[in-house]
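Heads up: the structure comes next, in structure tokens.
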Amino acid sequence: MPVFALSDQLSFPPPHLAIKEGLLAVGGDLSVERLLSAYRSGIFPWYSEGEPILWWSPDPRMLLYPDELKISRSLRKVIKRKIFHITFDQDFVAVITGCAEAKRSYGEGTWITDEMKAAYIELHRRGYAHSVEAWQDEKLVGGLYGIAIGRAFFGESMFSQVSNASKVAFVSLVQTLQKNHFKIIDCQVRTDHLMRFGAREVPRKVFLEQLLKAIER
């Protein structure tokens with residue numbers, strides 16, 4: 001199947017037309033309106049500096065259902081010790097900056113370009129993007145950010161400068177989403193790290209059906 005070139009219109013091609021690797025379209029912009037249209041359609045941007053904007057809809061999709069959260073015994077001990085002070089939406093800019101500057105084990109550098117950083121800061125200003133911060137001795141040592149639409153949360157990135165900081169932030173996020181009756185957490189693609197928290201892969205068709213119901217609420 002071809003990769004679609006986006007026009008100035010905010011619409012996207014149907015996600016099932018993505019190529020095998022999940023790439024669906026190229027081009028467009030990172031305006032708030034286009035980003036929200038993408039997330040509502042089960043599509044997200046992911047590209048590196050120097051590349052055009054690439055839009056993805058992988059199959060299968062990695063999801064975490066809030067009620068299926070798994071917390072290891074060792075992490076429960078860390079949480080119980082209250083090593084970290086967790087806050088929400090207290091310093092979104094610092095969190096996304098921390099994610100952009102974090103060294104990745106796979107050695108590909110960051111995918112959070114300056115353009116993406118500015119776009120998600122604007123999403124935060126509009127009330128769609130949210131951050132979770134982990135503090136230790138009043139210093140930001142970890143966190144994560146993502147997008148909330150309806151009862152769906154779309155996880156984007158996390159960082160940790162101290163062992164377990166981002167894990168505790170993630171658990172706090174999921175527990176908060178549980179209390180607010182969120183239906184799904186989109187983790188995009190498979191990682192062993194998230195599978196240990198209970199995330200699992202589902203067919204894209206199932207994800208899109210559940211997404212439609214979640215964002216309507």
- Item | residue 34 open to solvent by less than 60 Å² (accessible area, probe 1.4 Å), under 19 Å from the mean Cα position of the chain (by Cα) and modelled with pLDDT of 95 or more | yes
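In the range 97-113, which residues are modelled with pLDDT of 90 or more and touching an Asp or Glu at 6+ places or on another chain (Cβ under 8 Å)?
Across the range 97-113, the qualifying residues are 99, 113.
Among the residues of the range 6-23, are any farther than 21 Å from residue 207 by Cβ, out of contact with any Lys or Arg (no Cβ under 8 Å at 6 or more places or on another chain) and at pLDDT 95 or above?
Yes, the range 6-23 contains at least one residue that is farther than 21 Å from residue 207 by Cβ, out of contact with any Lys or Arg (no Cβ under 8 Å at 6 or more places or on another chain) and at pLDDT 95 or above.
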Being farther than 30 Å from residue 42 by Cβ, in contact with a strand residue (DSSP E or B) (Cβ under 6 Å, 6 or more places away or on another chain), of a type outside the set (S, T, N, Q) and not in a helix (DSSP H, G or I) narrows 141, 132 down to just 141
A careful count of residues in the range 2-41 that are over 22 Å from residue 121 (Cα atoms), touching a strand residue (DSSP E or B) at 6+ places or on another chain (Cβ under 9 Å) and part of a loop (DSSP other than H, G, I, E, B) gives 8
For the range 179-213, the count of residues that are open to solvent by less than 30 Å² (accessible area, probe 1.4 Å) and among the aromatic types (Phe, Trp, Tyr) equals 2
Exactly one of 50, 127 is under 30 Å from residue 2 (Cβ atoms), of a type in the set (Gly, Ala, Ser) and free of Cβ contacts under 8 Å to residues at least 12 places away in the same chain, and that one is 50
Residue set 100, 94, 5, 25; condition hydrophobic (A, V, I, L, M, F, W, C), open to solvent by 60 Å² or more (accessible area, probe 1.4 Å) and farther than 24 Å from residue 180 by Cα; output residue 5
Taking the range 163-178 and keeping residues in contact (Cβ under 8 Å) with a residue 40 or more places away in the chain and either open to solvent by less than 10 Å² (accessible area, probe 1.4 Å) or not small (Gly, Ala, Ser) (or both) leaves 164, 165, 167, 168, 169, 171, 173, 174, 175, 176, 177, 178
For the range 58-70, pairs from a residue that is open to solvent by less than 60 Å² (accessible area, probe 1.4 Å) to a residue that is assigned to a loop (DSSP other than H, G, I, E, B) and among the β-branched types (Val, Ile, Thr), with Cβ under 7 Å and 6 or more apart or across chains, are 58/189; 62/189
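The values are calculated or read from the model by the stated rules, or taken from the named source; none is laboratory data. Because the structure is predicted, anything quoted here is derived from the model rather than measured. A quick note on method: Cβ atoms are made from the backbone with ideal geometry, for glycine too, and the neighbour counts reach across all protein chains shown. SASA here: full protein model, heavy atoms, side chains in, ligands and nucleic acids out. Shrake-Rupley method; radii C 1.70, N 1.55, O 1.52, S 1.80 Å.
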